[in-house]
Amino acid sequence: MATLKLDKKPGAKRATDADAPARRAPLRGKGVSRPRQTLAQAQAEREERQQQREARAERDERTPPVRPAGKPVGQKPAGKGAARPAGKMAAPSAPKPFGRPKALPRFEREPAPFDAPAARPPRPAPSPRTNLAEGERLSKRMSDLKLASRREADEWIAAGWVRVDGRVAEIGQRVGPEVRIEIDPAARREQAQRVTILINKPIGYVSGQAEDGYEPAVSLIKPAARWKDDPADLRFNAGHLRGLAPAGRLDIDSTGLLVLTQDGRVAKALIGDDSRVEKEYLVRVEFMGQSGHPKDHLSDEALALLNHGLELDGVVLKPAKVSWQNEDQLRFVLREGRKRQVRRMCELVGLKVVGLKRVRIGRINLGHLPLGQWRYLAAWERFD
């Protein structure tokens, strides 16, 4: 390789190490780059590296591999240029896998002997609890058995007060026909504290929530308005007003016996779909378009239709008991409670209702309860 030499300038004095200025630190940063090689320098470096590789390969072919004593086969040589065996190399030790090893495919596994232990414990037997998707809803079964109303049953189940075959029941659970249902005594005590109140409702009060400026009948329940001859041995407290709901409504223009209750069993017995409790009404009527006593104008055929044969909203009504109480008053005994049923029945046969009073529900009579006053349903009283 040719080198280029520069002649010294005439008269130049060679500087000694002491006279030489201090070496400046290399520059770093943007805009400062290393000096580029000349073409001749690059070619010279490539030729030198090629000669080194050829010499190393020739040396490896002549020299047998040397392993230190006690060194396991397959261990990586310590030096960069250490001798390597010619021919087949020993397999290096496999690295440890990260995480859990993957299971072999099924066709590569060896069959386990018959006496080998099971890979996992056997699954426990299923619980004898009835499938939630089968059978009858538990709350409905409890209602049919007259243990509680459906709403009460759901409340008890949510509170953990109901067991089915010894197991705590779940909301929405369905049961078969042979299950054993147990009720916690706490539910019975809570149910026993619920009250039913009887009111002689005046005209102008609504049975349920206040509407159109009319007060609800529950507003009549005050200590001062309690009937002095109330047979129930109960002391009034504000908790008796919570959750009271009408069990059989009376419209604003009607008067008489109204039942408000906290007990879902009472509500179901009076207004449930399968209720057979009678409701008795005294109904004062006029014959539309005619003067005089309506009894003189109503035909026997129309009276027969009031007993059975009429329909409302496309549904045939259940048989009723309708008879004359006096010349202008009818007595109705019904086993159902459609909206404004008595008034609409009378209109179908040409009668107009001018007064309506409910006097009995099941075995409970309005009796001598004064208008606008109330009393408790006694523990020994029953509607059916």
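Going by average Cβ neighbours within 10 Å, how do the peptides 291-301, 162-172 rank, with the highest at the top?
Output ranking for 291-301, 162-172: 162-172, 291-301.
For residue 50 and residue 305, calculate 0.36 nm times their separation in residues minus their Cα-Cα distance, and state this gained length in nm to one decimal.
On the way: separation 255, 0.36 × 255 = 91.80 nm, distance 12.23 nm.
Result for the pair: 79.6 nm of gain on full extension.
Estimate the FRET efficiency between residue 323 and residue 380 by the formula 1/(1 + (r/R0)^6), using the beta-carbon distance for r and 41 Å for R0, to the nearest 0.05.
Working: r = 31 Å, r/R0 = 0.76.
Efficiency at R0 = 41 Å is approximately 0.85.
Counting Lys +1, Arg +1, Asp -1, Glu -1, what net charge surrounds residue 203 among other residues with beta carbon under 11 Å of its beta carbon?
0
Hey, rough spin-label estimate for residue 234 and residue 336, points 7 angstrom out along Cα→Cβ, what's it come to in nanometres?
In this crude label model, residue 234 to residue 336 measures out at 3.1 nm.
Mind checking which aspartates and glutamates have their C-alpha under 18 Å from residue 146, skipping anything on the same chain fewer than 8 residues away?
136, 154, 155, 178, 182, 184, 190, 263, 273, 274, 381, 384
Test of understanding: what is the full-extension gain from residue 136 to residue 158, defined as 0.36 nm times their sequence separation minus their Cα-Cα distance?
Computed gain between residue 136 and residue 158 is 6.1 nm.
Which peptide among 200-212, 250-262 comes first, and what is the full order, when sorted by highest mean count of other Cβ atoms within 10 Å?
250-262, 200-212
FYI, it's all coordinate maths here, none of it is from the lab. These figures come from a predicted structure and were not determined experimentally. Using ideal geometry, Cβ is built from the backbone for each residue, glycine included, and neighbour counts are taken over all protein chains shown.
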